[in-house]
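Participant: After the C-alpha cells below, expect a handful of questions from me.
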Amino acid sequence: MPERMERLSSGSAVPGHLRGGFVALGNFDGFHLGHQAVVGRAVERARAAGRPAIVATFDPHPMRYFRPDSAYFRLTSLDQRQQLFAEAGVDAMYVFEFDAALAALSAEAFVTERLVGDLGVAGVATGEDFTFGKGRSGDIPLMRALGEANGFAVDTIAPVRLDGETVSSTRIREALRNGDPRAAARLLTRPYTIEGVVQHGDKVGRTLGFPTANVDMANYLRPKFGIYAVRGRLPANSTFGGRVLDGAANLGVRPSFDPPKELLEPYFFDFSGDLYGRTIAVELVDFIRPEAKFDTMDALMAQMAEDVATAKRLLAHSSPRT
C-alpha cells in the first residue's frame, strides 16, 4: 500500500507529482474482480514506468445523475473505494464530479481537457466496453485515436469470467437481492459491506436481550430483507482497536414494530461497548431467513435466539477477512 493515498476532486488542481501517471478509468462501484483487473493493469504499468498510479472514478454515479429516482444500487461508498484502491497499490483517487458540465462535455473534450489537460495522463487502462462523453458518444476506438494524437497509451481489459459468466456489478446486485451474499462475495473477493454511523434507536432490542447497533442504509443497494449472519469491524482509530465481531443482523423494516423503519441492526455476540456515533463496517456473510411478523414478543424472542444460534454456527465455518 502506498505510504499516503491521496484523494482529489475534479474541482482542484492536480499536484505535479501526480501528473503524468497511468490512470484506471471507470466507476468501479464494488471494486469486483473485473475492476481489480483494470486497476491492476494501471498499477503494473505505472510501477514499470516509475510513474504514479491513479484511479479516476465518478461521483455521483452517472445513472444516479440521469435517473435520480432510480432504486438504490450503490455497492461501495467513496470512502470504501478509496481504501480498496489504496490496498491495491494506487497512489491517488481522482473523483470526477458528475454534474451538468461533465454530462455536456463531448467525448473529445473529456479526453483533451480532463485526462490530458488536468491529469497529464501517460496512459489509460479501462474496460473494453467503457464509454465517455456527452450521450456516451465516446468508445474505445475513439479513445485509442485520441491517445495516439495526444501521446498516451490505452490498455483495455477484457471482461473477467467466473463460473462461466462475466463478473459484473449487475450480477452482484442480483445475488444480493436474491439473498445470496456468498455468491456476491465470490465476485467481490470479500463480503458485501455496509458502513455507517451507529445511531440511537428505540432500544427495543436491548429490552429483548439483543442490543443492536443501528446503522442507516443511506444510498447502499438494498439486499433481500431478512436476518443475516454478519461480522462487524470497529474503527481502528478508537479504543476498540479495529476489533472484528461476529453477530446476527436484521436488515429491513422490522415488520413486528410500528412505525416501519428501514435499518441495518446488527447484534454483536458477547459485546457491550458503547458504539454510538462510531462508524462501523458490517459484512453480510450468510442469509438466514426472510423478515417475518410475530404476534407476540415471546415468539419474537424465541426466534431471535434461534437466529443467533444459526449465525454462530454459520460463522464458525467462515474465517474473518484479514
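Participant: In whole Hz, with x marking every Gly and Pro, tabulate ³J(HN,Hα) for region 12-19 from phi via Karplus 6.51 cos²θ - 1.76 cosθ + 1.60, θ = phi - 60°.
Facilitator: Each residue of region 12-19 in turn: 10, 6, 8, x, x, 6, 9, 7 Hz.
Participant: Can you say what percent of the DSSP beta bridges in the chain, counting only those with both residues inside, are antiparallel? Round to 5.
Facilitator: Counting DSSP beta bridges with both partners in the chain, the antiparallel share is about 60 percent.
Participant: If you average 1/r over every pair of different alpha-carbon atoms in the chain and take one over that average, what Kirkwood value in Å do you get?
Facilitator: 21.3 Å is the Kirkwood radius here.
Participant: Using the Karplus equation 6.51 cos²θ - 1.76 cosθ + 1.60 (θ = phi - 60°), what ³J(HN,Hα) coupling, rounded to whole Hz, does each residue of region 64-76 give in order, writing x for Gly and Pro?
Facilitator: 5, 5, 7, 10, x, 8, 5, 4, 4, 9, 5, 9, 9
Participant: Round to the nearest 0.05 the FRET efficiency obtained for residue 129 and residue 279 when R0 = 51 Å and r is the Cβ-Cβ distance.
Facilitator: Once the sixth-power term is evaluated, E becomes 0.90.
Participant: Using the Cα centre of the chain as the reference point, and only Cβ charges (+1 on K/R, -1 on D/E), how large is the resulting charge dipole? Debye, rounded to the nearest 20.
Facilitator: 360 debye
Participant: Between residue 218 and residue 48, what FRET efficiency comes out of the Förster formula 1/(1 + (r/R0)^6) with R0 = 41 Å and r the beta carbon distance, rounded to 0.05?
Facilitator: Efficiency, rounded to the nearest 0.05: 0.55.
Participant: Let me ask you something else. Amide H neighbours of residue 8 under 5 Å, counting only residues 5+ apart in sequence or on other chains, H built in-plane at 1.01 Å?
Facilitator: Hits under the 5 Å cutoff: 93, 94, 95.
Participant: Shifting gears a bit: What distance in nm separates the two pseudo spin-label positions at residue 78 and residue 104, each 7 Å out from Cα along the beta-carbon direction?
Facilitator: With each label point 7 Å from Cα toward Cβ, the separation is 2.2 nm.
Participant: Okay, next question. Positive end of the charge dipole of region 11-144 (Lys, Arg +1 and Asp, Glu -1 on Cβ, about the Cα centre): tell me which of 125, 86, 25 has its Cα farthest that way.
Facilitator: The listed residue farthest towards the positive side: 125.
Participant: Also, I was wondering about something else. Using a/c under 1.5 as the rounded threshold, could you call region 112-227 rounded, prolate or oblate? The axes a ≥ b ≥ c are square roots of the C-alpha gyration tensor eigenvalues, and prolate needs a/b larger than b/c, oblate otherwise.
Facilitator: In terms of gyration-tensor shape, prolate.
Participant: Relative contact order for region 63-151: what percent, with Cα pairs under 8 Å and sequence separation of 6 or more?
Facilitator: Relative contact order of region 63-151: 25 percent.
Participant: Which of the listed residues, 271, 46, 299, is farthest toward the dipole's positive end in the chain, when Lys, Arg count +1 and Asp, Glu count -1 at the beta-carbon?
Facilitator: About the Cα centre, the residue reaching furthest to the positive side is 46.
Participant: How would you classify region 22-102 from its alpha-carbon gyration tensor, with a ≥ b ≥ c the square roots of the eigenvalues: rounded for a/c under 1.5, else prolate if a/b is greater than b/c, otherwise oblate?
Facilitator: In terms of gyration-tensor shape, prolate.
Participant: Counting alpha carbon pairs within less than 8 Å and at least 6 residues apart, what relative contact order, in whole percent, applies to region 122-162?
Facilitator: Relative CO of region 122-162 lands at 54 percent.
Participant: Taking 0.36 nm per intervening residue step and subtracting the Cα-Cα distance, what contour gain separates residue 144 from residue 174 on full extension?
Facilitator: 7.5 nm
Participant: Counting heavy atoms of the protein chains only and a 1.4 Å probe, report the per residue accessible area for region 1-144 as a whole number of Å².
Facilitator: 44 Å²
Participant: Let me ask something else. Take each of the peptides 166-178, 95-107, 46-58, average the number of other beta-carbon atoms within 10 Å over its residues, and list them starting from the highest.
Facilitator: Result, highest mean first: 46-58, 166-178, 95-107.
Participant: To the nearest 0.05, what FRET efficiency results for residue 153 and residue 291 with a Förster distance of 41 Å applied to their C-beta separation?
Facilitator: So, using R0 = 41 Å, E works out to roughly 0.20.
Participant: Just by accessible area at a 1.4 angstrom probe, what is the order of 43, 197 from largest to smallest?
Facilitator: Of 43, 197, the descending order of accessible area is 197, 43.
The values are calculated or read from the model by the stated rules, or taken from the named source; none is laboratory data. Since we're looking at a predicted model, the values are computed, not measured. For neighbour counting, all protein chains shown are included, and Cβ atoms are generated from backbone atoms with ideal geometry for every residue, glycine included. In case anyone asks, the SASA skips ligands and DNA or RNA and just uses the protein heavy atoms, side chains included. Shrake-Rupley method; radii C 1.70, N 1.55, O 1.52, S 1.80 Å.
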